[in-house]
Amino acid sequence: MSGPRYLTKSRFKLGMECPTKLFYTKKKEYLDSKMDDSFLAALAEGGFQVGELAKCYHPGGHDITTLDYEEAERQTNELLKQDKVIIYEPAIRFNNLFIRIDVLVKNGNHFDLIEVKAKSFDNEDEDAFLNKNGTISAGWKPYLHDVAFQKYVLSGKFPKAQVDSFLMMADKNAECPVDGLNQKFRIVRDESNRTGIKVSNTLKDSDLKKQILVKVPVDDMIDKIMEDGTFLKSIDCLAAAYEKDKKIVSEIGSHCGGCEFKCSEDDEAQGYKSGFKECWKKALKWNDSDFKDPNVLEIWSFSRKNQLIADGKIKLTDLDVDDFEPDTDGKPGISAKERKWLQVEKVQNGDTTPYFDKEGMKLEMDKWTYPLHFIDFETSMVAIPFNKGRRPYEAIAFQFSHHTVYEDGKVEHTGEFLNTNVGEFPNYEFLREFKRQLENDDGTIFRYSPHENTFLNHIYRQLKEDESDIDDRDDLCKFIKTITSSTSSSAEQWEGKRNMVDLWHLVKRYYYDPHTHGSNSIKYVLPAVLNSSDYLKKKYSKPIYGAKDGIKSLNFKDWTWLEEKAGKIVDPYKKLPKMFQDVSDKNFEILTEDDELANGGAALTAYGRMQFSEMNEIERKELSSALLRYCELDTMAMVMIFEAWQEWVSLG
Ligand code: SF4
């Protein structure tokens, strides 16, 4: 391995997550499942441009762009000879620690160290960083540790200097002063594939006069972090281990569930090593075959994992009913505890058949009114608003899909909406079209997750606060109130008489298929129902979707949803043409991971790409049709889940 082995900001962050990861990182033999495409990550994060905007708020600075450690340090040291200077990305080294600071303002013997984060901050909340008991909240810890680390390095290099530290973030309460600010910061890739931001030459002083980022002093928090000396010990320990390439053995626990150094058996067969297996083998004296058995990491939303791992109860076969206390919660269907125990019991009994509460589901179905509507939204929240008066991380709803199921069983893809026009705030047109499609009957509306309800609440608030003339404002607000319930943070409380039904909630209460391995994501539930429903197998193994006398579709023609390979159902999402031609399968998988909706992350990335990056018309068209197909499958997936349940309810 070449190059100096400095503990950088990102390595420090990784080491704070788990010190063992420092040993695996960037080694060819250990596969790392984290996204390795910074362009894509920037789009998915939605806040990459914030860093560039922060620089604009500190004008006249010098940008250090080289990635070479020594050269960056040399250029920084040269600039720091000036009494007053602003530097973007200066390289500061202190012993074996090395940082690049987002913005450094030097004024004589005084430094302002500014770390920019694509995160929303409520400047009116005085104790935003703290829990009620005065400790630093877990959510803020990684950000504050990051600044504390940088302050330690900078103060180490300049021991006599006064260092003031800040987190610069999107101000939740600020209103954007102008239209089109977002479009003035475009994400680009350079020749060496590095991601950067191109600032438009139309950016004016007036665009920056009223700031939408807030600089929050964090020295008090850093003093708290440094208080007992353990933080400094951690830095020393991580830096020394990384420098010598020594593995720090950490305790295994629930955090290992999300470890990026896991790899599949196929990858291992190709010669890659799994860092995860290495840790678990050492801690548990396991061999390869032990990993084939389901373990506690698979249990959905289970807070006792760490305790059970510490007690040596790792495999699902080691657990017993007392570990779950699976009481009913008095509500229809199974409680979360009962569902977890069901997952374990099925493994222990070697039972791979689905659980389905036929009576419970029948009672739910009896409440529904035909025609049934299945809807799905694609949304985004961008740091720099599109329009004047909008706030950072304003909710943007740019796409929906809508399927209808009639009482006679007829299915159709009724409608859709997509607005990816650059710089346009799509929400009101989105809502108008949504209302137009849904207001013609009283049929039950289904969503998958609370997301659609939350977003309609956002649009309701936007409509109420918008000072411009909106002729149909009252109608739109009234419509939202009929089909939603208010969120807990809303001052106004309501529950619509046609409140949408959450299919995700029904999955959790009435249905469990061991093939989902405890996940409720539609990405796992869809293949599972396709596997176990004879009705779906028969119906969708023919090219009826988008066929002349088959199911009406707006984006597919003569499509067969169900295909079997080697006795297993092919995931319908995998059958779709690729959404991005230049994105690896691995990175696309990551975009769609951990999402109730199969492609939520991918859709907002596609939207970001169309808004903030250079793209020609052909690429734009292709991406739009991919978005339409993916969203159509999201609602079709809901229809198929419903059809399977309907089949099982009707079976004698
Ligand atoms: S498997 Fe667990 S202990 Fe090992 S590196 Fe990953 S998170 Fe750390």
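What pairs come up if the first residue lies in the stretch 631-642 and is within 8 Å of residue 572 (Cβ to Cβ), the second is crowded, with 24+ Cβ neighbours inside 10 Å and of a type in the set (A, V, I, L, M), and their beta carbons are under 7 Å apart, counting only those six or more places apart or on different chains?
Once the first residue is within 8 Å of residue 572 (Cβ to Cβ) and sits in the stretch 631-642, its partners that are crowded, with 24+ Cβ neighbours inside 10 Å and of a type in the set (A, V, I, L, M) give 637/522; 637/526.
Does residue 390 satisfy the criteria of being under 28 Å from the mean Cα position of the chain (by Cα), closer than 30 Å to residue 199 by Cβ and crowded, with 21+ Cβ neighbours inside 10 Å?
Yes; evaluated as a whole, the condition is true for this residue.
Just checking, how many residues over the stretch 333-373 are surrounded by fewer than 21 Cβ atoms within 10 Å (Cβ to Cβ), polar (S, T, N, Q) and assigned to a helix (DSSP H, G or I)?
The total comes to 1.
Could you look through the stretch 591-613, keep only residues that are buried (at least 19 other Cβ atoms within 10 Å of the Cβ) and in contact with a Gly (Cβ under 8 Å, 6 or more places away or on another chain), and pick out the one that is modelled with the lowest pLDDT?
Per the stated criteria, the residue is 591.
For the stretch 403-410, check the following and say yes or no: at least one residue is assigned to a strand (DSSP E or B), at pLDDT below 95 and closer than 19 Å to residue 430 by Cα.
For the stretch 403-410, residues assigned to a strand (DSSP E or B), at pLDDT below 95 and closer than 19 Å to residue 430 by Cα: absent.
Among the candidates 184, 117, single out the residue that is crowded, with 19+ Cβ neighbours inside 10 Å, without any contact (Cβ under 8 Å) to a residue 24 or more places away in the chain and of a type in the set (Lys, Arg).
184
With respect to the numbered conditions (1) out of contact with any helix residue (DSSP H, G or I) (no Cβ under 9 Å at 6 or more places or on another chain); (2) modelled with pLDDT of 95 or more, which one is the sole condition not fulfilled by residue 175?
So the condition that residue 175 fails would be (2).
Among the residues of the stretch 248-266, write down those that are in contact with a helix residue (DSSP H, G or I) (Cβ under 8 Å, 6 or more places away or on another chain) and hydroxyl-bearing (Ser, Thr, Tyr).
The answer is 250, 254.
From 150, 211, grab the single residue that is over 22 Å from residue 91 (Cα atoms) and either in contact (Cβ under 8 Å) with a residue 60 or more places away in the chain or assigned to a helix (DSSP H, G or I) (or both).
211
Do the conditions hold for residue 191, that is, is it outside any helix (DSSP H, G or I) and closer than 30 Å to residue 57 by Cβ?
yes
Restricting the stretch 448-498 to residues that are among the hydrophobic types (A, V, I, L, M, F, W, C) and out of contact with any helix residue (DSSP H, G or I) (no Cβ under 6 Å at 6 or more places or on another chain), which is surrounded by the fewest Cβ atoms within 10 Å (Cβ to Cβ)?
491
Residues checked against (1) touching a residue at least 60 places away in the same chain (Cβ under 8 Å); (2) β-branched (Val, Ile, Thr):
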{"site": "221", "(1), (2)": "yes, no"}
{"site": "240", "(1), (2)": "yes, no"}
{"site": "252", "(1), (2)": "no, yes"}
{"site": "262", "(1), (2)": "yes, no"}
{"site": "265", "(1), (2)": "no, no"}
{"site": "277", "(1), (2)": "no, no"}
{"site": "290", "(1), (2)": "no, no"}
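Can you name the helices (runs of 4 or more DSSP H) wholly within the stretch 1-99 that have at least 2 residues being out of contact with any Cys (no Cβ under 8 Å at 6 or more places or on another chain) and within 16 Å of the ligand (Cβ to nearest atom)?
Output list reads 9-17, 21-24.
Identify all residues within the stretch 374-402 that are in a strand (DSSP E or B) and within 18 Å of residue 208 (Cα to Cα); write none if there are none.
Correct list: 382 only.
Restricting attention to the stretch 293-328, report how many residues are over 30 Å from the mean Cα position of the chain (by Cα), under 15 Å from residue 253 (Cα atoms) and surrounded by fewer than 18 Cβ atoms within 10 Å (Cβ to Cβ).
Summing the residues that are over 30 Å from the mean Cα position of the chain (by Cα), under 15 Å from residue 253 (Cα atoms) and surrounded by fewer than 18 Cβ atoms within 10 Å (Cβ to Cβ) in the stretch 293-328 gives 2.
Let me confirm something: among 351, 323, 318, 357, which residue is farther than 21 Å from residue 504 by Cα and in contact (Cβ under 8 Å) with a residue 60 or more places away in the chain?
Residue meeting the stated conditions: 351.
The values are calculated or read from the model by the stated rules, or taken from the named source; none is laboratory data. Values in this document were obtained by computation on a predicted structure and should not be read as measured data. Note that we place each Cβ from the backbone using ideal geometry, even for glycine, and neighbour counts take in every protein chain shown.
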